[in-house]
Structures are given as C-alpha cells and as structure tokens.
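Please read the structure below before turning to the comments.
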Amino acid sequence: MTNPRPLTAPPLLLKQFAAIIPFRTFFAATLCLASCAAQTSPTSTGATTTVFTHAAVASDHLLASNAGLEILRKGGNAVDAAVATSFALSVVRPYSCGIGGGGFMVIHLKDDPRNPGSGPIRVALDYRESAPAAIRADTFESVPDPHAQTHGAKAVCVPGNVAGLLHALDRYGTLPRDVVLAPAIHLAQTGFAADAHYVEMAQEDQDVIPWLKKDPARIKRFAFLWNRYLDQGNVKIGTRITVPEQARVLRLIAEHGRAGFYEGEVADAIINAVQDDHGFLTHEDLRSYAVVERAPLVSEFRGLEVITMPPPSSGGIVIAQLFDMLEARPDLLAPAMSTSRGGGHNTAPYIHLITECFKHGFADRARWMGDPNFVKVPLARLLDPTYTSARAATIDPARTLPIENYGTAPRPPEDHGTSHLCVIDAMGNAVACTETINLIFGSLLCVPEFGFALNNEMDDFLTRRGEANAFGLAHAELNRPAPGKRPLSSMTPTIVWDPSRGTGGSMQLIVGGAGGPRIITGSAQAALNVLLFDMPAHAAVASPRFHHQWQPDTLQLEIALTTPALETQLSQRGHTTRTRKSVGNITLIRANNNTWDAASDPRKGGVPAGY
C-alpha cells in the first residue's frame, strides 16, 4: 500500500488542467465541476469539499474518478463505474495497483440487474493474488537473495485483478466491456502527467529509484520500469507518462474478456517475463485462477450495519472489534469525546482509547487470521460480544497494558502499492473497492509488451520464519504460503448502511484506503470522524491520524498531530510515540442531507467526481 503524502496544497485549478489532461477528460472534469449539482471548494486542510446530488466517485486520481463519472453519465451502475475507475487507476497509479495485482470489492445493490425485482444484493468479491502451484511453505527459506520475496519474479503471485473486475462487471454490472474499458484505454494511449505523489513514491521510496541506482544490473533487470515509468530516474512533476502497450492489453480484455489476459499472447508475455527472471508462475497458474464470492462481514455500530470484507482481509475483523469495544465502553467513549471533560477529537483520552482497541484487534489479527480456504479463522469467537466486551473491560483510561495482555495472541505475529475507490450511483447502489500490487511498483518487474507492473504479493505471506515483512508485521504460521493460497491482507473496503432509512435502507458511508496495516487504522479513524463527530467528508479524510499495530509497541502520530503537550499526555499513559509523515490514504463518500459528500485524500492528491 502506498506511503501517503503529507498534507499539501489544494488540487489543481481548472485552468491548470488543460495543460496536463487529454481534452476529452478535461471536458468531463469541467462539466462535472461546473455543474450546479456539485459544490466544490478548497479547505484549510488541503482537502476538497465536493457535494453531489445524484452520484459520486472518489478515487486516488482525478482522471480515474472522471473515468467512473463518464460511465455513470452513460447510464452505468455503481459496479460499471467502479470497474472503469479501477482500470483507469491501473494506468494513472501504476505504482499502487493495476492489472498485475489483485483486490477486494464490497458491493451493495438495491436490486439484481440480472433479475430485476428479486431484491437487494450484498456480496464481497475476493480477487486477491494467489501463490503459484510451485510454492511451498519453506520455498524462500533456502533462497539466498534477501530481496527475493519483494523484488523480481520470485515475488510474483497470480494476478487476480482482471478476473475480479470482469466477474463484477459480468455478474453485477449493466454495460458492455468495451464501453466500460474505453476511458482507461484512452488514458493509456494518450498518457498522463506525473503528479507530486507519483514523483514522491518513485524518488523517495528507498525500494524504487534509490534502490535501482545502487546497482547497474538492477536497472538492466527492470529496464521497462526504469525507462518508461521512471524516466530513467529523472521523473518529475509534469513528466508525461504514456503506456500505449497497456492500451493494447486493455483492448484485448475488452474484446475477449478473461481470455484476453489469462490466455494467448498476454499470458505468454507474463510467463516469459517471470520465467526469464527465474520466477515460479506458469500458464496453468493463470488459467486456473478463480474469483471467490464471499458473504460480507456484517457487524453493527450505533444501529448501523457495517458491511466489510471477511478473511483473507484482516481489516474487517479489526474494525468490527473496534466498534464493538467502543459500544461496550460508553463510560470511556463519552468522556473521550467530550471537550468539557478533557476529551474531544484527537485529544489524548480519545487517541488512547482508540489505540487500546486497535492493539487488541491487531493482536488477534496476528494470531488467528489467514486465507479461510486453507485455515479455520474463528470469526464467530473473535466477534462474539462476550469476547469483545471482555477485551474492552481490560482497557484502563489512564494506562496501557503489558504488551502480552492484548487480544488472545501469546506472541508477535501485509500491502503498500495500493489504491481505494468508492462509488455511489443515482439508484443508491454502493461499491467499495481496494486493490493492490503490494509495494511501490510491486515486484518492479514489468511485462514490457503490455506495459504493466507485476505484484510482489509473496511478501504478504510468512515467507521466512522469524522475519517481519516490509511493513514490520510478523505473521503467524497460519499465513505460510501454499499452492493457490491467498496472503493475509489489510485491505478494508467498507460500506455503512442505515437499515432504518427508506425502503430497504440507504448508504451512509463508503470508506477504505491504502497504506499497509495503516489502511485499517486510517479507514477506522475516517469512519469514526463521520459516525461519532459528524464531520464533512473532506475533514473526515484530511484530519491528522495515528497508528498502532500492537507490534512494534509504538504509537505513531502524523506530523500535524504532534505537539509536546499531546506527547506528554500520551507518555503519561504509557505510550511510546514517534512521528510519521502520514497514516494511510483514504477515500470516502458519506450521505449528507440527500446529497453525496465525497472526498479523496489530499495526502495522495486524489479528487472525487460526480454530478
């Protein structure tokens, strides 16, 4: 999942768009932002307030949001728009997600488009990458290259993104493939300008340009990435990135569906790239990949239904536990929120309470979670109100606990190149979708004939005993790799539904994000900003955040949140604090007086769209 950027200036003004955006997309953006249905203004936080009366898309990039808007305007539903947005993100956020990766999608439809009148649909699509058939639990224990699970072909798992998006479109969408993929094809063909976040990820992430420059052999090994996506190490704001090769594969997908990617010349090119770099992927791995439909994980908070991903996502369980623990301790939550009692948003009492809940959830994440097709995840026990209430009862408002007293885990136990999108359509259908290639630009290995990067999802398994992954998370044995197994993930696409509003209820909140384990903490805090403090979308997303993942036992505070007084108050409660640039990148849409209030995180420079 991508490291988020710091809070920055407001998004580009319209007069600046024309210089960097293809005319067709610029016209759509102008039409959207000029519409009397939308009210848009920059805020002091650097976020944008964008309220739409009919439908909205919030993603990590304006061009991707506009791709979804284009499909909504053509009569597509939320699933059509989500698929269009995702394919566009594959082009404009190639270091975060794309057709070489995988993801999760949570869908709530008012009615079944294939069987009108049959009633609402709730489904969670799991198209997470899976381990190749050649992988065994100890495969990497004997591999001498310490970077093998993060850099190059050995790190590549079977990409599920294309299969997942096409499954969603075929089963729950309404428009043809060629119509839905057209915006992404146009973007790939005409190109886009690198923005501040793109440059930051390429130049400052120590695993990309700095890592490649350390050894000329690395530049040669990852030549397509170096030359095309990184401009030979010189990429800067405004550098034009064009990938007509990806336009070609997108056309093949539009024409042939799944076979346009998992078979034929594209499959051959993928396997050649992987095998030339001594990886494990085979044609049979590609052919046999299957999307899994799962029942969403549904919990309750203050009378609302929280609909999110079940395992192999770990985030849904952690958020459900957080909400349950908060409801079990109103005696702590009320004073933590009350300014008259020394609390309030992002005060020491509030941060302490939320952090203690996070620590219980992350401890359980480490011990119990994995791919449910391979291990038994004790969902019922982890979400039993008796259990979560017992964990909540241990929280001391004045002190932290010994580290071993959190959750049920006796010892310590993820994604970085990631993107999240939210869609609400004019019918009230909702989609939350999070996709990833894991670290920045995934494995760094590209398929040169078709211009996309392959994931390095192998690092989300426990590949080497006794070693944490790139996010400092040490996994339990339940998350050891195996043929066809899907690694544990922090991706947490979530829809909050109010069953009491209207016929069948209505969407109140769509939220999710990027940032490895910080997806969970960032998404939860943005959601609570809406559900507890009734913040508008821009404030809910842009407000400073904090993070704790149980191990290491450190409370991380965004720079904008850090003050000597706050650090002293947290230290007095037993917290060891440190500063980090950002905690996750969040996108969010909330209901607000019969309109849709949408926000994309200023940390990543995204902008929502709608009408």
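The values are calculated or read from the model by the stated rules, or taken from the named source; none is laboratory data. What you see is a predicted model, and the numbers here were worked out from it, not measured in a lab. Note that each Cβ is placed from the backbone with ideal geometry, even for glycine, and that neighbours are counted across all protein chains shown.
Kindly provide the set of residues from the stretch 113-140 that are closer than 26 Å to ASN77 by Cα, part of a loop (DSSP other than H, G, I, E, B) and out of contact with any Pro (no Cβ under 8 Å at 6 or more places or on another chain), ordered by number.
PRO113, ARG114, ASN115, PRO116, GLY117, SER118, GLY119, PRO120
Collect the residues in the stretch 252-299 that are within 19 Å of LEU166 (Cα to Cα), of a type in the set (Ser, Thr, Tyr) and buried (at least 16 other Cβ atoms within 10 Å of the Cβ), keeping them in residue-number order.
The answer is TYR262, TYR289.
All but one of (1) at pLDDT 50 or above; (2) under 24 Å from the mean Cα position of the chain (by Cα) hold for ASN3, so report the exception by its number.
The single condition ASN3 does not satisfy is (1).
State which residue is surrounded by the most Cβ atoms within 10 Å (Cβ to Cβ) when the search covers only the stretch 581-611 and only residues that are of a type in the set (D, E, K, R) and in contact with a Phe, Trp or Tyr (Cβ under 9 Å, 6 or more places away or on another chain).
ARG590
Please find, within the stretch 462-496, the residue that is modelled with the highest pLDDT out of those that are closer than 30 Å to ARG228 by Cα and of a type in the set (A, V, I, L, M, F, W, C).
Among them, the one singled out is MET491.
Has the stretch 98-110 got at least one residue that is part of a strand (DSSP E or B), under 20 Å from the mean Cα position of the chain (by Cα), modelled with pLDDT of 95 or more and small (Gly, Ala, Ser)?
yes
Which of the residues spanning the stretch 537-563 are in a loop (DSSP other than H, G, I, E, B) and surrounded by 20 or more Cβ atoms within 10 Å (Cβ to Cβ)?
Answer for the stretch 537-563, where residues must be in a loop (DSSP other than H, G, I, E, B) and surrounded by 20 or more Cβ atoms within 10 Å (Cβ to Cβ): SER543, ARG545, HIS548, GLN549, TRP550, GLN551.
Can you confirm whether the stretch 504-512 contains a residue that is under 30 Å from PRO132 (Cβ atoms), buried (at least 21 other Cβ atoms within 10 Å of the Cβ) and either aliphatic (A, V, I, L, M) or in contact with a Pro (Cβ under 6 Å, 6 or more places away or on another chain) (or both)? Break it down stepwise before answering.
Pass one, the stretch 504-512, residues under 30 Å from PRO132 (Cβ atoms): 512.
From what is left, the residues that are buried (at least 21 other Cβ atoms within 10 Å of the Cβ) are 512.
Those left that are additionally either aliphatic (A, V, I, L, M) or in contact with a Pro (Cβ under 6 Å, 6 or more places away or on another chain) (or both): 512.
The answer is yes; a qualifying residue exists.
Does at least one position in the stretch 161-173 carry a residue that is of a type outside the set (A, V, I, L, M, F, W, C) and either more than 14 Å from VAL83 (Cα to Cα) or touching a His at 6+ places or on another chain (Cβ under 8 Å) (or both)?
no
Could you list, in sequence order, the residues of the stretch 161-185 that are of a type in the set (Gly, Ala, Ser) and within 21 Å of the chain's Cα centre (by Cα)?
If we filter the stretch 161-185 for residues that are of a type in the set (Gly, Ala, Ser), which is where we start, we get 163-164, 168, 173, 182, 184.
Listed by number, the residues that qualify are ALA163, GLY164, ALA168, ALA184.
Somewhere in the stretch 145-167, is a residue touching a Pro at 6+ places or on another chain (Cβ under 9 Å), on the phi < 0 side of the Ramachandran plot, at pLDDT 95 or above and of a type in the set (Gly, Ala, Ser)? Break it down stepwise before answering.
If we filter the stretch 145-167 for residues that are touching a Pro at 6+ places or on another chain (Cβ under 9 Å), which is where we start, we get 156-158.
Narrowing further to those that are on the phi < 0 side of the Ramachandran plot: 156-158.
Then keep just the ones that are at pLDDT 95 or above; that gives 156-158.
Checking the rest, the ones that are also of a type in the set (Gly, Ala, Ser) come to none.
Within the stretch 145-167, none of the residues are touching a Pro at 6+ places or on another chain (Cβ under 9 Å), on the phi < 0 side of the Ramachandran plot, at pLDDT 95 or above and of a type in the set (Gly, Ala, Ser).
Looking at the stretch 117-143, which of the residues that are more than 20 Å from the chain's Cα centre (by Cα) and charged (D, E, K, R) is surrounded by the fewest Cβ atoms within 10 Å (Cβ to Cβ)?
GLU141
Test LYS581 against the stated conditions and say whether it is among the basic types (Lys, Arg) and touching a Pro at 6+ places or on another chain (Cβ under 7 Å).
Yes.
Restricting to the stretch 327-364, and then to whatever is farther than 14 Å from ALA392 by Cα, assigned to a helix (DSSP H, G or I) and touching a helix residue (DSSP H, G or I) at 6+ places or on another chain (Cβ under 6 Å), can you tell me which residue is modelled with the lowest pLDDT?
ARG341
Under the condition of being out of contact with any strand residue (DSSP E or B) (no Cβ under 7 Å at 6 or more places or on another chain) and farther than 24 Å from GLY191 by Cα, which residue from the stretch 78-115 is surrounded by the fewest Cβ atoms within 10 Å (Cβ to Cβ)?
ASN115
Could you look through the stretch 508-530, keep only residues that are assigned to a loop (DSSP other than H, G, I, E, B) and in contact with a helix residue (DSSP H, G or I) (Cβ under 8 Å, 6 or more places away or on another chain), and pick out the one that is farthest from PHE323 (Cα to Cα)?
Of everything passing the filter in the stretch 508-530, GLY515 is farthest from PHE323 (Cα to Cα).
Does the stretch 285-295 contain at least one residue that is of a type in the set (A, V, I, L, M, F, W, C), farther than 30 Å from LEU383 by Cβ and out of contact with any Cys (no Cβ under 8 Å at 6 or more places or on another chain)?
Within the stretch 285-295, one or more residues are of a type in the set (A, V, I, L, M, F, W, C), farther than 30 Å from LEU383 by Cβ and out of contact with any Cys (no Cβ under 8 Å at 6 or more places or on another chain).
So which residues in the stretch 365-394 are in a helix (DSSP H, G or I) and more than 25 Å from the chain's Cα centre (by Cα), if there are any at all?
Correct list: ALA380, ARG381, PRO385, THR386, TYR387, THR388, SER389, ALA390, ARG391, ALA392, ALA393.
Looking only at the stretch 568-604, which residues are within 22 Å of ILE424 (Cβ to Cβ) and of a type in the set (Gly, Ala, Ser)?
Residues satisfying the conditions are GLY584, ALA591, ALA598, ALA599, SER600.
For the stretch 387-402, enumerate the residues that are surrounded by fewer than 14 Cβ atoms within 10 Å (Cβ to Cβ) and more than 18 Å from ASP331 (Cβ to Cβ). Walk me through how you get there before you give the answer.
Taking the stretch 387-402 first, the residues surrounded by fewer than 14 Cβ atoms within 10 Å (Cβ to Cβ) are 390, 393-394, 396, 398-399, 402.
Of everything in the stretch 387-402, just one residue is surrounded by fewer than 14 Cβ atoms within 10 Å (Cβ to Cβ) and more than 18 Å from ASP331 (Cβ to Cβ), namely PRO402.
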